[in-house]
Amino acid sequence: MRTIRTFIALLVFIMALGACAAGGASRPEPQSVGEAVGGAAAAPSAAPAGANRDGIVDSNAIGARDDAKIIRTGSIELEVTDVPKALRTARDAIVSLGGYVGASNTSNFEDRPSAQITYRIPADRWEEALDALRGLNGLTTKVVTEQTEAVEVTGQVIDLQARIRNLRASETALQGIAAKATKISDVLEVEARLTDVRGQIEQLSAQLEDLNDRAGYATLTAYFSSPVVAVEAASKEWQPATTVDEAAASLISILQALASAGIWFLIVWLPILLVLGLIAALGVWLARRAGLGRRRAGRGLLPPAPPPLSEAVASDS
């Protein structure tokens with residue numbers, strides 16, 4: 001029992017040393033996309049030559065530049081004369097290059113069709129695919145935007161391959177121990193170690209397969225739409241229904257303002273004006289009464305009226 005545990009501990013220690021050595025041997029990735037793009041002298045392939053059934057390639061088989069693993073992604077936005085026809089032409093062009101349609105999304109908003117298509121393209125046919133979409137047999141009227149990106153993952157691939165090799169060696173050793181174990185406790189302990197090692201192998205193998213797939217097939221997202229005609233754009237800017245709504249809203253606002261002014265006049269200003277009018281009328285009445293009294297008092301002080309003219313002539317004679 002003690003011998004088996006000692007051997008297992010030694011085996012785990014060797015595995016750790018192997019993983020550290022593999023991590024130190026991995027190549028650093030480029031610091032920029034430009035270095036990654038410039039480093040690929042030839043396009044990578046989905047399955048490198050010399051790969052075994054697990055997709056593992058010997059690190060010596062990967063050259064410094066010729067077999068570099070490059071993950072390419074990009075997007076392109078196109079204006080085309082006929083969206084459905086452009087989609088068929090683009091699909092035929094991608095299929096002829098060995099690619100396929102990964103995902104699609106089409107719409108027809110206000111009788112203006114548009115589409116978003118994701119293509120998976122062999123990495124070595126990337127530029128040909130871009131050229132095909134830029135033209136589409138004369139259907140493309142304008143390339144609105146175009147963006148590409150490339151990331152080198154050669155170091156990650158080498159590191160994963162080395163770690164998988166070490167784990168498989170550990171798996172073989174543990175299987176040999178399990179075959180020689182006689183105690184149930186020893187068998188259970190070895191089986192637990194085997195389960196853990198096999199789980200790590202499956203996880204790393206899936207990561208390696210994903211990297212190889214993304215490096216072998218680039219991803220390009222294309223957006224298709226039809227150009228907006230000037231007359232159509234001008235007609236859409238003028239909408240009679242909207243104008244009628246705006247005019248009706250303005251009329252309602254004016255009527256509401258007039259009604260509000262009438263309510264204010266009846267409730268606030270009319271009573272004030274009535275009170276002011278009563279005060280003014282009372283003042284005038286009082287003023288008139290005061291004026292009439294003065295006139296009556298002044299009439300008793302007036303000189304007597306002169307005698308008639310006939311009486312004055314008779315007195316003279």
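In loop segments of region 78-117 as defined by DSSP, there are no trypsin sites (Lys or Arg not before Pro) with at most 10 further C-beta atoms inside 10 Å of their C-beta. In plain terms, the chain from Leu251 to Val187 could stretch by 13.9 nm, reckoned as 0.36 nm per residue minus the Cα-Cα distance.
Rounded to the nearest 0.05, what FRET efficiency do Val244 and Glu110 give with R0 = 30 Å and r taken as the Cβ-Cβ distance? Could you check? Computed FRET efficiency for Val244 and Glu110: 0.90. Here the convex hull built on the C-alpha positions of region 239-287 has a volume of 49 cubic angstrom per residue.
Between Thr172 and Asp92, what is the label-to-label distance in nm when each label sits 7 Å out along the Cα-to-Cβ direction? Inter-label distance under the simple model: 5.3 nm.
The slack in the chain from Trp285 to Glu146, taken as 0.36 nm per residue of separation less the alpha-carbon distance, amounts to 40.7 nm.
Here, each number is a calculation from the coordinates, and none is a lab measurement. Remember, predicted model here, so these are calculated numbers, not experimental data. No Cβ is skipped: glycine too gets one built from the backbone with ideal geometry, and neighbour counts run over all protein chains shown.
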